[in-house]
1. Pairs only if they're at least six apart or on different chains, beta carbon under 7 angstrom, first in the stretch 140-157 and free of Cβ contacts under 8 Å to residues at least 24 places away in the same chain, second β-branched (Val, Ile, Thr) and more than 10 Å from the ligand (Cβ to nearest atom); list them, first residue then second.
2. Return the pair list, or none, for Cβ contacts closer than 7 Å from residues in the stretch 109-123 that are closer than 14 Å to residue 187 by Cβ to residues that are buried (at least 24 other Cβ atoms within 10 Å of the Cβ) and acidic (Asp, Glu), at least 6 apart or on different chains.
3. Considering every residue within the stretch 137-144, establish whether at least one is buried (at least 18 other Cβ atoms within 10 Å of the Cβ), modelled with pLDDT of 95 or more and more than 27 Å from residue 18 (Cα to Cα).
4. Considering each residue of the stretch 1-26, count those that are charged (D, E, K, R), in contact (Cβ under 8 Å) with a residue 40 or more places away in the chain and within 16 Å of the ligand (Cβ to nearest atom), and give that number.
5. For the stretch 85-114, which positions are within 16 Å of the ligand (Cβ to nearest atom) and either of a type in the set (Ser, Thr, Tyr) or open to solvent by less than 10 Å² (accessible area, probe 1.4 Å) (or both)?
6. When both residues are 6+ apart or on different chains and their Cβ atoms are under 8 Å apart, which pairs have a first residue that lies in the stretch 217-239 and is polar (S, T, N, Q), and a second that is part of a helix (DSSP H, G or I)?
7. Since residue 80 meets every condition but one in (1) more than 10 Å from the ligand (Cβ to nearest atom); (2) modelled with pLDDT of 95 or more, which condition does it not meet?
8. Identify, from the list 236, 251, 196, the residue that is near the ligand (Cβ under 10 Å from one of its atoms) and either open to solvent by less than 20 Å² (accessible area, probe 1.4 Å) or of a type outside the set (D, E, K, R) (or both).
Amino acid sequence: MNPDDFEFFATFLRERSGISLDASKAYLVEARMLSLVEECGISSLSALVAKLRSGCDPILEDRVVGEMTTNETAFFRDTRPFDMLKDYMIPALLESRSAERRLQIWSAGCSTGQEPYCIAMMLKENFPALVDWTVNIIATDLSEAAIEQARKGSYSQLEVNRGLPREMLDKYFKKSGVRWQIAKDLAEMVEFRRLNLTEPITDMPPADIVFLRNVLIYFDLDMQRETLSRVRSVMNPGSYLVLGCAETTLNVDDCFERIEDLPRSGCYRLEKG
Ligand SMILES: C[S@@+](CC[C@H](N)C(=O)[O-])C[C@H]1O[C@@H](n2cnc3c(N)ncnc32)[C@H](O)[C@@H]1O
């Protein structure tokens, strides 16, 4: 890809998704776009960029953004945030929200759904008292394909082998052909929606816990700031934010405080509105 096309492509991608590319990522763009070029019968990478420049093929534009997102995820990825949910965040919210008896959890950048389903399993396993509460888990992603798979709740053997304990598999999934289908009552606990974190967030109820893991890592600093500011606009005072282990709010957004008694957990509390 020539430098001019690469610059256009990087700007296009940042505007559409927040994902930031520097010149060292040209190989990644080429690797991901070449198969799309072939599949769509486009003659070359520069012809693909010319189509993007013309702005008259929204379906192709969505496909390009979809190909450039990294949907890597796993059940109980990194384990620690789920322990913190069980041992710290939910017990604290059971106290502080006891008058409303309402809990709103948002998994932002949920990819193919493993993260929100793990949150649901964790609540079901450990907090029977929540049956009397209104508990909503909303899970969102930019990628329509990822959200579609998440909604289906159907996973391959390889996917369930990654992080899902055998007893949880037996309890919450049913074998369906060569795949595993999530139980209906668990699936009903999660509402999936398409949502682009680079756009104003509308129609999202105020959250008590936001999982925003392994998304900001693909954004530059300005986009991380804008995104955190948008996300906190739909967070309740005193609510919790969980980031990926390579992400931080430090020097990015000073409205969040790292929870000192939870070192290396990626857990933050919203202190200011
Ligand atoms: C690496 S996955 C992380 C999945 C999960 N949170 C985890 O930690 O396992 C990153 C996800 O962020 C999504 N994403 C990237 N840019 C986004 C944006 N602007 N708005 C919403 N989701 C976005 C991608 O589609 C992808 O599914």
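1. Taking only residues 6 or more apart or on different chains, the pairs are 157/178.
2. 110/141
3. No - not one qualifying residue is present in the stretch 137-144.
4. The qualifying residues number 3.
5. Of everything in the stretch 85-114, those that are within 16 Å of the ligand (Cβ to nearest atom) and either of a type in the set (Ser, Thr, Tyr) or open to solvent by less than 10 Å² (accessible area, probe 1.4 Å) (or both) turn out to be 85, 105, 106, 107, 108, 110, 111, 112, 113, 114.
6. Correct list of pairs: 224/216; 227/216.
7. With (1) more than 10 Å from the ligand (Cβ to nearest atom); (2) modelled with pLDDT of 95 or more applied to residue 80, the lone miss is (2).
8. One residue alone meets the criteria, 196.
The values are calculated or read from the model by the stated rules, or taken from the named source; none is laboratory data. It should be emphasised that the depicted structure is a prediction, and the values quoted were computed from it without experimental measurement. Cβ coordinates were reconstructed from backbone atoms using ideal geometry, including for glycine residues, and neighbour counts include every protein chain displayed. With ligands, DNA and RNA removed, areas are computed over all heavy atoms of the protein, side chains included. Shrake-Rupley method; radii C 1.70, N 1.55, O 1.52, S 1.80 Å.
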